[in-house]
Amino acid sequence: MLWRLLRRRRYLRYTRYVAGAIKRRLYLTAALFAGLFCLHVVAMIVFEDMTPGDAAWLTMTTATTVGYGDASAVTAAGRLATVVCIYVFGTFLLAQIATYIFDYRALQRDRRRRGEIRWSNMKDHLLVINVPAQDAENYLPRLVDHVRRAPRLGDIPIQLLTPDFEDGLGNELVDAGVTLYRAMAENSENLAAANVSHARCIIIVADEIYDARSDAHTYDILGRIRELGTQATIVAEVVDDANRQRILEAGATTVIRPIRAYPEFVVRALTAPGVEQVLETMFTHEAGRLARFDAHFEGLLWRDVVVSFARGNAGIPMGYFDQRGVHTNPAPDEVCSGHGIITLINDSLNVTPMLVESCLRAS
């Protein structure tokens, strides 16, 4: 671990040095080219008796190898100046400038992919703090995909703040427009560098879903965010249910259990806070659960079925099944026939098969 950290520090120093060296060479070469450009312009004015505008035009078209032919040097001194200033040195320097620009852009692109550059213009974005310790390469693309599908978040810029991804983001995340800033979130300077104050939404991911110490990290991050100030909607993953209230008091808009198989839960919590609690309830049996009852029925309007179940204290029907499979959330005017009902019931209700059949008969 120490060796990897030292190697990364050496790499960062190296890339910063190379980027600086390329910029210095670029500036020096551009300055030399500008000097030759001006020298040739003066030579054309003196030797060819051209106006400054015509001299600059001739110099530019010659240096860029365009050569329109509408103007040219005719005197021996003027031609010699063109050969020396443009053909020998100018074209070479212009090619060097292009090479340095391409090299610098390629290096900067690699540094951005590796999360080594601060995105100072990032605003109104979704900031994802930390990533799962296991299988982050598969979880994050699915999370981003669901974000892109959400109507309110489809075009939102996405930035990751995490010390992971030493080799940079994968192509799938890069192609989805995700940016990376590699740093520890438990540092106020790093949070400021990720523009947390200007984020529209923030997701704080529990890196270890079975270790309650992740909640302590989340609590610390929320405290730092509160100090920096933000108006963002904050969804925080909480490992230990006993810490839920504490995390909410620390500044989270809503909390959710870390459910890696369904990253859409996090997106639902962002777009419609409170929905995630209903979804969690279905998984945990804490206040309600989905139950299946076998019962034959034919030609019933779905809205009548829902009303009958609600009046009969048999829960809220969520769907029905027949020989073709399960049909969830049918349209109110849909005529339904099947051999079973799926209903959301509260554990305090005593819903029996006989009660379900009675509600169906009353529909």
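List of remarks:
- Pick from the range 273-289, criterion surrounded by 13 or more Cβ atoms within 10 Å (Cβ to Cβ) and of a type in the set (Gly, Ala, Ser), ranking: modelled with the highest pLDDT: Gly288
- Given (1) surrounded by 15 or more Cβ atoms within 10 Å (Cβ to Cβ); (2) modelled with pLDDT under 90, index of the condition Ala199 fails: (2)
- Qualifying residue in the range 99-115 (condition: within 28 Å of Ile209 (Cβ to Cβ), of a type outside the set (Lys, Arg) and out of contact with any helix residue (DSSP H, G or I) (no Cβ under 6 Å at 6 or more places or on another chain)): yes
- Selection within the range 290-345 - of a type in the set (A, V, I, L, M, F, W, C), more than 14 Å from Val356 (Cβ to Cβ) and surrounded by fewer than 19 Cβ atoms within 10 Å (Cβ to Cβ): Leu301, Val307, Val326, Ala331, Val335
- Subset of the range 61-77 that is assigned to a helix (DSSP H, G or I) and out of contact with any helix residue (DSSP H, G or I) (no Cβ under 8 Å at 6 or more places or on another chain) - its residue that is nearest to Gly90 (Cα to Cα): Thr61
- Qualifying residue in the range 98-111 (condition: crowded, with 19+ Cβ neighbours inside 10 Å and not hydroxyl-bearing (Ser, Thr, Tyr)): no
- Subset tally (residues that are touching a residue at least 40 places away in the same chain (Cβ under 8 Å), out of contact with any helix residue (DSSP H, G or I) (no Cβ under 6 Å at 6 or more places or on another chain) and not in a strand (DSSP E or B)) for the range 326-363: 8
- Only residues that are assigned to a helix (DSSP H, G or I), within 21 Å of the chain's Cα centre (by Cα) and polar (S, T, N, Q) were counted across the range 208-231, and they come to 1.
- Close pairs from the range 272-298: first assigned by TED's automatic domain parsing to the domain that holds Asn329 and within 18 Å of Cys336 (Cβ to Cβ), partner of a type in the set (Lys, Arg) and modelled with pLDDT of 75 or more, Cβ under 9 Å, at least 6 apart: Phe297/Arg361
- The set of residues from the range 233-251 being crowded, with 21+ Cβ neighbours inside 10 Å and either assigned to a helix (DSSP H, G or I) or under 20 Å from the mean Cα position of the chain (by Cα) (or both) comprises Ile234, Val235, Ala236, Glu237, Ile247.
- Considering only residues in the range 346-363 that are within 13 Å of Leu300 (Cβ to Cβ) and not hydrophobic (A, V, I, L, M, F, W, C), the one that is surrounded by the fewest Cβ atoms within 10 Å (Cβ to Cβ) turns out to be Arg361.
- Here the condition is being within 25 Å of Ala272 (Cβ to Cβ), at pLDDT 85 or above, surrounded by 14 or more Cβ atoms within 10 Å (Cβ to Cβ) and of a type in the set (Phe, Trp, Tyr); of Tyr139, Tyr181, it holds for Tyr139 alone.
The values are calculated or read from the model by the stated rules, or taken from the named source; none is laboratory data. Computed from a predicted model, the values in this text were never measured in an experiment. Reconstructed Cβ throughout: ideal geometry from the backbone, glycine too, with neighbour counts over all protein chains shown.
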